[in-house]
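Undergrad: Please read through the structure below; I'll follow up with questions.
The values are calculated or read from the model by the stated rules, or taken from the named source; none is laboratory data. No experiment lies behind these values; they were computed from the predicted model shown. Cβ sites come from the backbone with ideal geometry, for glycine too, and all protein chains shown count toward neighbours. Quick note on the areas: whole protein, heavy atoms, side chains included, nothing else; ligands and nucleic acids left out. Shrake-Rupley method; radii C 1.70, N 1.55, O 1.52, S 1.80 Å.
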Amino acid sequence: MKGKLFYIGLLVSFIAAGIVHYTHQNTTLQFVIACIAIVFVAGFLGKATESVAHYAGDRMGGFLNATFGNAAELIIAFFLVKDGLFEVVKASLTGAIIGNLLLVLGLSIFAGGLKFKEQSFNVKLASHNSSLMILGVVALFIPALFSRGLTTDETSSMSMIVAIILIVAYLLWLLFSMVTHKSVLSDEAIEHGEAPWSKGTSILFLIVATAMVAFTSEWLVGTIEEVKDKFGLSDLFVGAFLIAIIGNAAEHSAAVMMAMKNKMGAAVEIAVGSSLQIALFVAPVLILLSFFISGTPMNIVFTTYEIAAIGVAVFITKSITQDGSTNWYEGLLLLFVYIILGVVFFLV
């Protein structure tokens, strides 16, 4: 009965969000209904991901969820880049990174910690994740530091080169973690019963859920500008928090569900893996795409506020995950840092 009610809510909210969007109803109404719809759609994506993980393993399932979850953000950012809204793109990327590290991971650790006294995952994976997160911070900090002494053309060239290096680093990380050192970085298998769907159905539902996430995200983002003006919100707060939370809705649900089933390895792969994918792959790809779309590449120079936020998020996440074990209080610490950043970004 509970399952039927969920799918009824999924269909009703998704259809309603589409109707109010395409019939151009009140913007606030569109925003509210789209928010409700994306919660159900994110839940559906989480169920599909969990089913796929049953067949592919927790790490691959987490990687697939991070990738499919970021698809909507990549699509949205692509259109923003096409319109030349580079600063909004950077703010949304910043928000996506800190949102995954602090909000998604924090909620997952907290929810899982309430059910299980202590949860563990592969400590070697945690160590490698920490190193990659630091690489992401370095790749943002160094260009911002030295860009003051560079011309516009030199900054563009530097951005393109750094973007290519980060993409290569990320692809090699996939080769390292998924192929050459897969057994070393895998968690011990935990039996969780039968998957709700067959392998083919699970993959199909994962694709369908991703498409639904893309649609609902687009409908929701389309209302942001008017809602922002109506409630007097800053561009930085909207880009770094509202759009990022919306874009991360899929990861929120899936990661929390994994953590509450004691699959913390998969939850970490979703949250941290998604942040790494944004910093080392999505952002660099957008920089390269911007060159081919407009001829003027988006540079990799982020603002001091954005770099500070990402640096703080990486520092506290590394500190909490480096021992390969978590508890509910550590989840709260991540959430507290996220709230602090939210307050500051709101007031800036």
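Undergrad: State the dimensionless ratio Rg/Rh of the chain (Rg: radius of gyration of Cα atoms; Rh: Kirkwood radius). Display every interim value, and only then the final one.
TA: Working: Rg = 19.5 Å, Rh = 20.4 Å.
The Rg/Rh ratio comes out at 0.96.
Undergrad: Per-residue HN-Hα couplings for the range 332-347, Karplus 6.51 cos²θ - 1.76 cosθ + 1.60 at θ = phi - 60°, whole Hz, x for Gly and Pro?
TA: 5, 4, 4, 5, 4, 4, 5, 5, 4, 4, x, 4, 5, 5, 5, 8
Undergrad: A further question on this structure: Who wins for biggest fluctuation among Ser183, Ser51, Ser325 in a Gaussian network model of the chain, springs between alpha carbons below 10 Å?
TA: Answer for the Gaussian network model of the chain: Ser183.
Undergrad: Would you mind getting the accessible area per residue of the chain, heavy atoms of the protein chains only, 1.4 Å probe, in Å²? Can you show the working numbers first?
TA: Working: 15700 Å² over 348 residues.
Ligands and nucleic acids excluded, the figure is 45 Å² per residue.
Undergrad: Follow-up. Carbon and sulfur atoms: what percent of the 1.4 Å accessible area of the range 1-120 do they account for? It would help to have the intermediate numbers written out before the result.
TA: On the way: 3780 of 5240 Å².
Result for the range 1-120: 72 percent of the exposed heavy-atom area is carbon or sulfur.
Undergrad: Now for a separate question. Report the calculated FRET efficiency for Ser198 and Ile36 (r = Cβ-Cβ distance, R0 = 25 Å), to the nearest 0.05.
TA: Numbers: r = 30 Å, r/R0 = 1.19.
Approximately 0.25, to the nearest 0.05.
Undergrad: Taking a ≥ b ≥ c as the square roots of the eigenvalues of the Cα gyration tensor of the range 207-348, is the shape rounded (a/c under 1.5), prolate (a/b larger than b/c) or oblate? Before the final figure, lay out the partial values.
TA: Details: a/c = 1.43, a/b = 1.34, b/c = 1.06.
It is rounded, given that a/c, with a ≥ b ≥ c, falls under 1.5.
Undergrad: How many nm is it between the label spots at Ile339 and Leu172, if each spot is 7 Å from the Cα in line with the beta carbon?
TA: 4.2 nm
Undergrad: On to the next question. Which of Leu175, Leu102, Leu286 moves most in a GNM of the chain, Cα contacts under 10 Å?
TA: Leu175
Undergrad: Here's a follow-up. Which lysines have a Cα less than 30 Å from the Cα of Lys230, not counting those fewer than 8 places away in the same chain?
TA: Here the lysines satisfying the reach criterion relative to Lys230 are Lys82, Lys90.
Undergrad: How high is the FRET efficiency between Val123 and Tyr329 when r is their beta carbon distance and R₀ equals 30 Å, given to the nearest 0.05?
TA: Values: r = 19 Å, r/R0 = 0.64.
For R0 = 30 Å, the calculated efficiency reads 0.95.
Undergrad: Further question: What percentage of the solvent-accessible surface of the range 206-348, computed with a 1.4 Å probe over protein heavy atoms, is contributed by carbon and sulfur atoms?
TA: Working: 3780 of 5350 Å².
Summing carbon and sulfur atoms, their accessible area is 71 percent of the total for the range 206-348.
Undergrad: Starting from a Cα-only point model with no solvent, please compute log10 I(q)/I(0) by Debye for the range 85-215 at q = 0.19 1/Å.
TA: -1.43
Undergrad: Continuing with the same structure: Which of these, Ile310, Ile98, Ile203, has the largest mean-square fluctuation under a Gaussian network model of the chain (Cα springs below 10 Å)?
TA: Ile203
Undergrad: While we're here: Measuring from label point to label point, each 7 Å out along Cα→Cβ, what is the Phe315 to Ile293 span in nm?
TA: Rounded to a tenth, the inter-label distance reads 3.3 nm.
Undergrad: Longest span of the chain, sites excluded, free of GluC sites (Glu not before Pro) in DSSP loop with at most 10 other C-beta atoms within 10 Å?
TA: Values: sites that count: Glu188, Glu191, Glu194.
Looking at the chain, 1-187 is the longest stretch - no exposed GluC sites (Glu not before Pro) with at most 10 other Cβ atoms within 10 Å.
Undergrad: Calculate the length of the line joining the C-alpha centroid of the range 146-172 to that of the range 83-126, in whole Å.
TA: Going from one Cα centre to the other spans 25 Å.
Undergrad: Which links in Lys4/Lys182; Lys4/Lys261; Lys47/Lys182 stretch past 31 Å when you go from one Cα to the other? Write down the numbers at each step before the final one.
TA: Working: Lys4/Lys182 38 Å; Lys4/Lys261 21 Å; Lys47/Lys182 24 Å.
Cα-Cα > 31 Å for Lys4/Lys182; rest within.
Undergrad: Please say if the range 76-155 is rounded, prolate or oblate, where rounded means a/c under 1.5 for a ≥ b ≥ c the square roots of the C-alpha gyration tensor eigenvalues, and otherwise the choice is prolate for a/b larger than b/c and oblate otherwise? Mind dumping the intermediate values first?
TA: On the way: a/c = 3.78, a/b = 1.84, b/c = 2.05.
Oblate.
Undergrad: Sequence-distant or interchain residues sharing an amide H contact under 5 Å with Met298, placed H: which?
TA: Ser290, Phe291
Undergrad: How far apart, in nm, are two points set 7 Å out from the Cα along the Cα-to-Cβ line at Leu114 and at Leu29?
TA: 3.4 nm
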